[in-house]
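Just so it is clear, none of the values below were taken in a lab; they were calculated from the coordinates. Nothing here was measured: the structure is a model prediction, and the numbers come from that model. Neighbour counts run over all protein chains shown; Cβ positions are idealised from the backbone, glycine included.
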Amino acid sequence: MAKRILVVEDNDLNRKLFCDVLRSQGYAVEPCADGLLALDAARQFVPNLIIMDIQLPNISGLDLIETAKKDAVLRQIPVLAVTAYAGKGDEERIRDAGAEGYLAKPVSIGPFMAAVKGLVEKVGIDKTV
């Protein structure tokens, strides 16, 4: 069964690129353009990984990560933060919020797929929780 990845990204081109690349590698992908719907989408889709943009309209990706990590169902799902925030201290803040991975935009496909595979393979998700 294909590993499942939720892509939370408000930029249409980035979301399509991430989804197309992941599908080409055999992943089942669920795109989500609206951060306000992201946690509900995660509960319904039950992904093995969440790729989270940090700069979203209406809600911060940091807030979404923190909320997910406090949720009994979602806390075990690893989060890869992909963001244009690449200033001093940003990676630390994002990891402190609960993200297991961090990539700065613009993202190259090689490092992106390496990060995805590392997080998907590293964490075995127990769907019975």
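Quick look at the numbers
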{"read-out": "Of 118, 35, 61, the one that fluctuates the most in a GNM where the chain has Cα springs shorter than 10 Å", "value": "118"}
{"read-out": "Formal net charge of residues neighbouring residue 84 (Cβ-Cβ distance under 15 Å; K, R +1; D, E -1)", "value": "-1"}
{"read-out": "The chain: most fluctuating residue of 66, 92, 100 per GNM, C-alpha cutoff 10 Å", "value": "92"}
{"read-out": "Computed [θ] at 222 nm, deg cm²/dmol, the chain (DSSP H ≥ 4; -39,500 (n - 2.57); rounded to nearest 500)", "value": "-13000 deg cm²/dmol"}
{"read-out": "Order of 59, 5 under a 10 Å beta carbon neighbour criterion, fewest first", "value": "59, 5"}
{"read-out": "Around residue 33: net Lys/Arg minus Asp/Glu count, Cβ-Cβ under 12 Å", "value": "-4"}
{"read-out": "Sequence-distant residues sharing a close amide H with residue 82 (under 5 Å, placed H)", "value": "52, 53, 54, 103"}
{"read-out": "Proximal charge balance of residue 13 [Cβ under 14 Å; K/R count +1, D/E count -1]", "value": "-2"}
{"read-out": "Residues of type lysines that residue 3 reaches as a straight line, Cα spacing below 28 Å, ignoring anything fewer than 8 places off in the same chain", "value": "16, 69, 70, 105, 117, 122, 127"}
{"read-out": "Mean separation of Cα contacts under 8 Å, 6 or more apart, over the residue count of the range 4-122: relative contact order %", "value": "23"}
{"read-out": "Exposure proxy ranking, count of Cβ atoms within 10 Å, fewest first, for 96, 10", "value": "96, 10"}
{"read-out": "Calculated from backbone phi, Karplus (6.51, -1.76, 1.60) coupling profile of the range 73-88 in Hz, x at Gly/Pro", "value": "7, 8, 4, 7, 7, x, 10, 9, 7, 10, 8, 7, 5, 9, x, 4"}
{"read-out": "Check: the range 1-93 dipole with +1 on Lys, Arg Cβ and -1 on Asp, Glu Cβ, in debye", "value": "360"}
